[in-house]
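Working notes for the structure below.
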Amino acid sequence: MNYDIIGDVHGCLDELKQLFKKLGYEWKNGVPEHPAGRIPVFVGDITDRGPESISCIQLVFQLVKEKGALYVPGNHCNKLYRFFLGNPVKEKHGLETTAEEYRSLSSEKQKEVKEQFKHLYEESPLHIILEDVQAVVAHAGIREKDIGHKSKSIETFVLYGDITGEKLPDGRPVRRDWAQHYHGDRWIVYGHTPVREPRFVNKTVNIDTGCVFGGDLTAFRLPEEEIVSVPSSMPRVEEKFRY
Ligand SMILES: [Mn+2]
């Protein structure tokens, strides 16, 4: 199979549509389809902060359900899932935008979106192994020894990265640069931490180029090992970027 692995969308529906167009997809019955049957793979964090999170949920849900697309949840997805379960979560760090959009919907539509997202989340593994192209997709990355395994600590790692539990002065969590210590042969394709350019370290690539912070929305194509990006229309928030 040929895959187009897509970085953190965060509600940027316009940019996602532009990226699909640039990747050669054609819209059929409301969803993008590639003439050569390429498979979209989402690295998670499809909602929050951006303008059209609800439409992103519905599009990804439809692609996964009907077109064989793949998706792994990110930390924002995990929090939204808990929000939809009715658990007490703080409407901060972008969830407030998705919650506001959600509340503006009719109760019928709310029910539909909630069920779609819950279904999407519950049916999706926290990391995906793409055997035929020797690649692993996980939102914030994964350690080589954890590939193919499941545990609470692996869940924390794939959702939040290699966090130490400490905070930076600006409140962001301290994250270790796990990619420097990765020496596996398979590609690890991930997002989570906005970077100015796709960041290749060993056989890993971070494709969260900060679309929602005015960067780009990026796809990594396999087996071609090719990057395709579109620029964001969002205002640039420089301090959100690392590397
Ligand atoms: Mn994230």
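When S233, S229 are screened for being polar (S, T, N, Q), out of contact with any His (no Cβ under 8 Å at 6 or more places or on another chain) and surrounded by fewer than 16 Cβ atoms within 10 Å (Cβ to Cβ), only S233 passes. Screening G68, G86 for residues that are surrounded by fewer than 14 Cβ atoms within 10 Å (Cβ to Cβ) and over 18 Å from the mean Cα position of the chain (by Cα) leaves exactly one candidate, G86.
Residues being part of a helix (DSSP H, G or I) and farther than 21 Å from D208 by Cβ: count how many of those fall in region 76-113. Full working, then the answer.
Taking region 76-113 first, the residues part of a helix (DSSP H, G or I) are 76-84, 95-103, 107-113.
When the remaining residues are screened for being farther than 21 Å from D208 by Cβ, the result is 82-84, 99-103, 107-113.
The qualifying residues number 15.
So for region 179-188 (the condition being within 17 Å of the chain's Cα centre (by Cα), at pLDDT 95 or above and under 25 Å from P51 (Cα atoms)), does at least one residue qualify? Taking every residue of region 179-188 in turn, none turns out to be within 17 Å of the chain's Cα centre (by Cα), at pLDDT 95 or above and under 25 Å from P51 (Cα atoms).
In region 139-159, is there at least one residue being among the β-branched types (V, I, T), in a strand (DSSP E or B), free of Cβ contacts under 8 Å to residues at least 60 places away in the same chain and within 16 Å of the ligand (Cβ to nearest atom)?
So far as region 139-159 goes, no, none of its residues is among the β-branched types (V, I, T), in a strand (DSSP E or B), free of Cβ contacts under 8 Å to residues at least 60 places away in the same chain and within 16 Å of the ligand (Cβ to nearest atom).
The lone criterion from (1) in contact with a helix residue (DSSP H, G or I) (Cβ under 8 Å, 6 or more places away or on another chain); (2) at pLDDT 95 or above left unmet by I163 is number (2). Only a single item in (1) more than 16 Å from the ligand (Cβ to nearest atom); (2) at pLDDT 95 or above; (3) out of contact with any helix residue (DSSP H, G or I) (no Cβ under 9 Å at 6 or more places or on another chain); (4) farther than 21 Å from E238 by Cα is not met by E197, and it is number (4).
The values are calculated or read from the model by the stated rules, or taken from the named source; none is laboratory data. For clarity, every value in this text was computed on a predicted model and none was experimentally measured. Methodologically, a virtual Cβ is constructed for each residue, glycine included, from the backbone with ideal geometry; neighbour enumeration extends over all protein chains shown.
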